[in-house]
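Step one of this worksheet: look at the structure below.
The values are calculated or read from the model by the stated rules, or taken from the named source; none is laboratory data. The shown structure was predicted, so the numbers you read here are calculated from the model rather than taken from an experiment. Positions of Cβ are generated from backbone atoms using ideal geometry, with glycine treated the same way; all protein chains shown enter the neighbour counts. The protein model used for the area step is the full one, side chains on, heavy atoms only, and it has no ligands, DNA or RNA in it. Shrake-Rupley method; radii C 1.70, N 1.55, O 1.52, S 1.80 Å.
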Amino acid sequence: MLEIAASAAGAAANAPLHWADLGLREGIDLGFFTIKYYSLAYLAGILLAYWHLSKMIRQPGAPMAQRHADDLFFYCTLGVILGGRLGYATFYQPELWTTFVPNTFVSWGVLRLWDGGMSFHGGLIGVVIAIAWVSWKNGLSFIRVCDYISVNVGFGMMFGRLANFINGELWGRAVQSDIPWAMVFPGAGPEPRHPSQLYQAFGEGFMVIVVMLCLFWLTRARYRPGVMVGTFAAVISVARFTVEFFREPDAQLAEFAARTGLSMGQWLTIPLIVAAIGLVVWSLSRPAPLTPPEERHD
């Protein structure tokens, strides 16, 4: 009898977690409208980034004024949304470019943000274009503005990946051994899987936040153009490349991943890692400034 009880207890202990048992919802139901947590994640990340950037530029040597931060808030938001969506349609689901849903308010697949997803690399390209535009328009140093923006990206990444988990989407690969946090996701079959959304929230979000805040507030990296944005790109790219080993490839790209040995996300991340390391090496090889640059743009 004791052996049976012990066996049952052991089986229960090894049983995978079930996402459906967590009682999570995709958003806040107001009756007439549901506020999606994914939308709230974007909003929270952007607002927190704006608040922290405004705090950063009050420190000595800032490459911009508050009015430039206001412009960046607007254009970078557009860059994240448009770049993320266009990047997803280009890299992950090209058929969205030629998909049209008849008798709907928004018929073109590319514009139907609720169908499909967003691309990190596309969003990154959109933000870089937005920074380049604001920098050129106002005569600012592009690389130093990138340094300051990079410190704040981790907030949105962390919130966004947590929202992916709450939505029960973008789950990980089936586990090959017993791990206590393996989870069964709706629509992903009966196999327990890695909750890779949480891995990404930690690596691409929390870890990036810690590294970048320490770099800005505890070192003189802000005075070396390229160090902060290069470090950001290296950390988030290595985290993304690593987590992709645990993340289930998009269904339409599963065959591509099996054929090439790496996922689309990993192939897109490799040149970013190389460029990031090169940027940091280039920056550190330049003479260190004797005094912090005093730039005013009032």
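The table below lists the values:
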read-out	value
Region 237-250, subset open to solvent by less than 50 Å² (accessible area, probe 1.4 Å) and either in a strand (DSSP E or B) or out of contact with any Gly (no Cβ under 9 Å at 6 or more places or on another chain) (or both), residue farthest from S150 (Cα to Cα)	R247
Any hit, region 60-81, residues being open to solvent by less than 30 Å² (accessible area, probe 1.4 Å), part of a helix (DSSP H, G or I), modelled with pLDDT under 85 and hydrophobic (A, V, I, L, M, F, W, C)	no
Selected residue [in contact with a strand residue (DSSP E or B) (Cβ under 8 Å, 6 or more places away or on another chain) and not aliphatic (A, V, I, L, M)] from S263, S237, S177	S263
Odd one out for F202, checked against (1) surrounded by 18 or more Cβ atoms within 10 Å (Cβ to Cβ); (2) of a type in the set (A, V, I, L, M, F, W, C); (3) within 19 Å of F245 (Cα to Cα)	(1)
Counted residues, region 142-168 - those being open to solvent by 40 Å² or more (accessible area, probe 1.4 Å) and of a type in the set (S, T, Y)	0
Condition met for W97 (open to solvent by 80 Å² or more (accessible area, probe 1.4 Å), touching a helix residue (DSSP H, G or I) at 6+ places or on another chain (Cβ under 7 Å) and at pLDDT 95 or above)	no
Residue in region 198-205 that is part of a helix (DSSP H, G or I), under 27 Å from A65 (Cα atoms) and touching a helix residue (DSSP H, G or I) at 6+ places or on another chain (Cβ under 9 Å) present	yes
Unique match (being of a type in the set (V, I, T) and not in a helix (DSSP H, G or I)) among V134, V106, V110	V106
Yes/no for G84 being touching a Phe, Trp or Tyr at 6+ places or on another chain (Cβ under 8 Å), at pLDDT 85 or above and at positive phi	no
Residue satisfying condition, being part of a helix (DSSP H, G or I), surrounded by fewer than 19 Cβ atoms within 10 Å (Cβ to Cβ) and in contact with a helix residue (DSSP H, G or I) (Cβ under 6 Å, 6 or more places away or on another chain), within set L215, L253	L253
Flag for V106 being among the hydrophobic types (A, V, I, L, M, F, W, C), farther than 24 Å from A234 by Cβ and open to solvent by less than 70 Å² (accessible area, probe 1.4 Å)	yes
The lone exception for W171 - which of (1) of a type in the set (F, W, Y); (2) open to solvent by 10 Å² or more (accessible area, probe 1.4 Å); (3) at pLDDT 95 or above it fails	(3)
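For (1) under 20 Å from the mean Cα position of the chain (by Cα); (2) more than 22 Å from Q93 (Cβ to Cβ); (3) among the hydrophobic types (A, V, I, L, M, F, W, C), each residue gets a yes or a no:
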| site | (1), (2), (3) |
| --- | --- |
| V229 | yes, yes, yes |
| T242 | yes, yes, no |
| Q252 | no, no, no |
| A276 | yes, yes, yes |
| L279 | no, yes, yes |
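Every residue, every condition in (1) in contact with a Leu (Cβ under 9 Å, 6 or more places away or on another chain); (2) farther than 30 Å from Q59 by Cβ, yes or no:
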site: T77; (1), (2): no, no
site: G83; (1), (2): yes, no
site: Y92; (1), (2): yes, yes
site: F100; (1), (2): no, yes
site: G109; (1), (2): yes, yes
site: M118; (1), (2): no, yes
site: H121; (1), (2): yes, yes
site: G126; (1), (2): yes, no
